[in-house]
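Below is one structure; the comments refer to it alone.
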Amino acid sequence: MCTDLQTNPRTLRQVAGKLVSQQDAARLLLVIDQFEELFTLCKEEETRQAFLANLLTAAADQGVVTILIGIRADFYERCAYYDGLRELAAQYHELIGPMNQADIVRVIGEPARRGGWQFVTGLVEQMVENVGQEPGRLPLLSHALLETWQRRRGVVMTLGGYRAAGGVEGAVANSAETVIQMLDDGQQAIAERIFLALTELGEGAADTRRIASRATLRRAGDGDAVDVVLEMLVTARLIGVNNQEVEVAHEALIRRWPRLQGWLETNRERLRFERQLARDAELWQETMNRDSGALYRGARLAQALEWQARDDVSLEPLSAEFLAESHCLTEQEAYEKEALYRRQLLLARSLASAAVVVLLLVAGIAAFPTVQNWYYQQQAMAPLVLVEG
């Protein structure tokens, strides 16, 4: 089947036709959720093209397949790169906005009722109230529901089970720990860097959520490996992505997840250095012609270079350039200072030599009358010599 899908774009349409005939149905509804994984998890462009070719062929006129695709808004633009998919997405696009409180209650309660599950009175409303209006409230609810269901009594989800899970905040922390333990050592290291990058350090206040770009997170390690971990965390609803911006699903992760708190305490000083350096580099970038007056010097530069040499420090390209320019400027200034000192020393020696010569000349001139008088005295005292003629 997979081979047929890879080589024949009509495979999905043919299989759908057989299913419809066997079920004596008019059409087949095919729902594809998390369609963005076609771009994140599928690394082979040839495989991606083959999958899309089957979808587009099956959805063509006079077919028996209706396809419903759910895709995250931040990946919607990817559809524009593929002929056929671009036209269908533009024609049948439906933007789904956030749900209100009543919608959320119904979305939780109705599927549970159909599946034979029950909530004690008021539990769903309590959960919805606890998540508030946070942008990541749906992921929070999913964590809380799962943790509460795991502590159910028979088919009934209880307030006691919800409280035992730690409420909304405790539930998301429990889910995060479960997910992180499923990763290997290398992936855990990447996840650590991702969560640290998504935490704003509190200065005299609580740590809070921080937005980072996907490009920044990719620099936490090998780009493809980061993408894999990132998508696992998104799928687990621990972080959310909006266009190319990434953030934790809820600040409860920062407040209540012991592992993340440990990471923060271990890396707090390093993070402070990296982020202060990044801010200073940005200020330098914004000055006219990158004013050298904004660069580091002296003890501040020495400390920054010492931090940079550490294995665990990861600098933004602009930060690294900022430090390199600071180092070059310091070396240049030191060279110019040394050259100036040498010139001044040479000048001082030249002046000293000239002064000695002048002093000798002055001394010679001052001594000339004395020498002259002595000479005349010697001549006057010489014996008279008579010569006979």
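The values are calculated or read from the model by the stated rules, or taken from the named source; none is laboratory data. Treat the numbers as computed from the prediction; the structure is a model and nothing was measured. Because the Cβ atoms are built from the backbone with ideal geometry, glycine has one as well, and the counts that use them run over all protein chains shown. Just the protein is used for accessible areas: all its heavy atoms, side chains included, with ligands, DNA and RNA removed. Shrake-Rupley method; radii C 1.70, N 1.55, O 1.52, S 1.80 Å.
Between the amide H of Glu200 and those of Thr208, Arg209, Arg210, distances stay under 5 Å, these residues lying 5 or more places away or on another chain, with hydrogens modeled in the peptide plane. Expressed as an acute angle from 0 to 90° and rounded to the nearest 10, what is the orientation of the C-alpha long axis of helix 298-308 relative to the principal long axis of the chain? Its long axis makes an angle of about 40 degrees. With springs connecting C-alpha atoms under 10 Å apart, model the chain as a Gaussian network and identify which of Asp291, Asp184, Asp311 has the largest mean-square fluctuation. Of the options given, Asp311 has the highest mean-square fluctuation. Helix 317-381 and the long axis of the chain differ in direction by around 0°, with both axes built from C-alpha atoms. Give me log10 I(q)/I(0) at q = 0.10, 0.11, 0.15 Å⁻¹ for the stretch 95-234, Debye formula, one equal scatterer per alpha-carbon, no solvent. For the stretch 95-234, the Cα-only Debye profile gives -0.44, -0.52, -0.88. Axis angle, to the nearest 10 degrees, between helix 185-197 and the longest C-alpha principal axis of the chain: 70 degrees. Only protein heavy atoms count here; under a 1.4 Å probe, Ser21 has an accessible surface of about 90 Å². Per residue, the solvent-accessible area of the stretch 1-141 (1.4 Å probe, heavy atoms of protein chains only, all protein chains present) comes to 65 Å². Protection proxy ranking for 335-345, 255-265, using the average of other Cβ atoms within 10 Å per residue and placing the highest first: 255-265, 335-345. In the chain, the DSSP-assigned H stretches of four residues or longer account for a calculated mean residue ellipticity at 222 nm of -20000 deg cm²/dmol, using -39500 (n - 2.57) per stretch and the full residue count as denominator. For Arg210, the solvent-accessible surface computed with a 1.4 Å probe is close to 70 Å², ligands and nucleic acids excluded.
Rounded to the nearest percent, how much of the accessible area of the chain (1.4 Å probe, protein heavy atoms only) is carbon and sulfur? The nonpolar share, carbon plus sulfur, comes to 56 percent.
Per-residue accessible area (protein heavy atoms, 1.4 Å probe) orders Glu321, Glu231, Glu44 as Glu44, Glu321, Glu231, starting from the largest. Taking each residue as 0.36 nm, the span from Cys328 to Glu177 lengthens on full extension beyond its C-alpha to C-alpha distance by 49.8 nm. Remark: the stretch 291-333 carries 59 Å² of accessible area per residue (probe radius 1.4 Å; ligands, DNA and RNA excluded). Between the stretch 149-217 and the stretch 111-133, the alpha-carbon centres lie 21 Å apart.
For Glu247, the accessible area of its heavy atoms, probed at 1.4 Å with every protein chain present, is near 50 square angstrom. The alpha carbons of the stretch 55-120 stretch over 50, 29, 14 Å along the principal axes, in descending order. Expressed as a whole percent, the proportion of Cα-Cα pairs in the stretch 1-75 lying more than 21 Å apart is 29%. Note on the stretch 1-91: with charges restricted to the Cβ of Lys and Arg (+1) and Asp and Glu (-1), its dipole about the Cα centre is near 240 debye.
Dipole magnitude for the stretch 277-367: computed about the Cα centre from +1 point charges on Lys and Arg Cβ and -1 point charges on Asp and Glu Cβ, it is near 800 debye. Is the shape of the stretch 124-191 best called rounded, prolate or oblate, per the rule: a/c under 1.5 gives rounded, else a/b larger than b/c gives prolate, else oblate, with a ≥ b ≥ c the square roots of the Cα gyration tensor eigenvalues? Judged from the Cα gyration tensor, the stretch 124-191 comes out oblate (a/c at least 1.5, b/c at or above a/b). Given +1 at the Cβ of Lys and Arg, -1 at the Cβ of Asp and Glu and no other charges, the dipole of the chain around its Cα centre is 760 debye to the nearest 20. Of the options (1) 60; (2) 53; (3) 71, only one is percent of Cα pairs over 26 Å apart as computed from these coordinates, and that is (3).
Amide H contacts of Ile67 (H built 1.01 Å from N, in plane; Pro and chain starts excluded): Leu30 sit under 5 Å, all sequence-distant by 5 or more or on other chains.
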